[in-house]
Amino acid sequence: MDQFDLGAGVQLRVQPRYLKTADAMPMLRPPDLVDPAEVGEVTAIKAGNQLAVRFRRGIFLFERSQLRLVS
């Protein structure tokens, strides 16, 4: 299993059906806000195997299985 630490660079494994913002009141956003080739930065490790990741167009929540580490 990949070790995701704060500040780690990640990319999407697959494009999700929607994106969930990491705001106090999360909203669902269209998936095209994040390009699958874009590298994001892990900003928080949440309960339930979720990670908050900062991409160019915002911070979104993802399951660990949706992400892969980049070097």
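The values are calculated or read from the model by the stated rules, or taken from the named source; none is laboratory data. Remember, it's a predicted structure, so these values are computed and weren't measured experimentally. We place every Cβ from the backbone using ideal geometry, glycine too, and count neighbours over all the protein chains shown. Surface areas here come from the heavy atoms of the whole protein model, side chains and all, with no ligands, DNA or RNA. Shrake-Rupley method; radii C 1.70, N 1.55, O 1.52, S 1.80 Å.
If we keep just the residues of the stretch 9-41 that are small (Gly, Ala, Ser) and modelled with pLDDT of 95 or more, which is farthest from Gln66 (Cα to Cα)?
Looking at the filtered set, the residue picked out is Ala22.
Taking the stretch 39-57, which residues are open to solvent by 30 Å² or more (accessible area, probe 1.4 Å) and closer than 18 Å to Leu6 by Cα? Spell out how you get there, then give the answer.
Of the residues in the stretch 39-57, the ones open to solvent by 30 Å² or more (accessible area, probe 1.4 Å) are 39, 41, 43, 45-50, 54, 56-57.
Across the stretch 39-57, the qualifying residues are Val39, Glu41, Thr43, Ile45, Lys46, Ala47, Gly48, Asn49, Gln50, Arg54, Arg56.
Of the residues that sit in the stretch 19-38 and are of a type in the set (A, V, I, L, M) and in contact (Cβ under 8 Å) with a residue 12 or more places away in the chain, which one is farthest from Phe4 (Cα to Cα)?
Across the stretch 19-38, the extreme among qualifying residues is Leu33.
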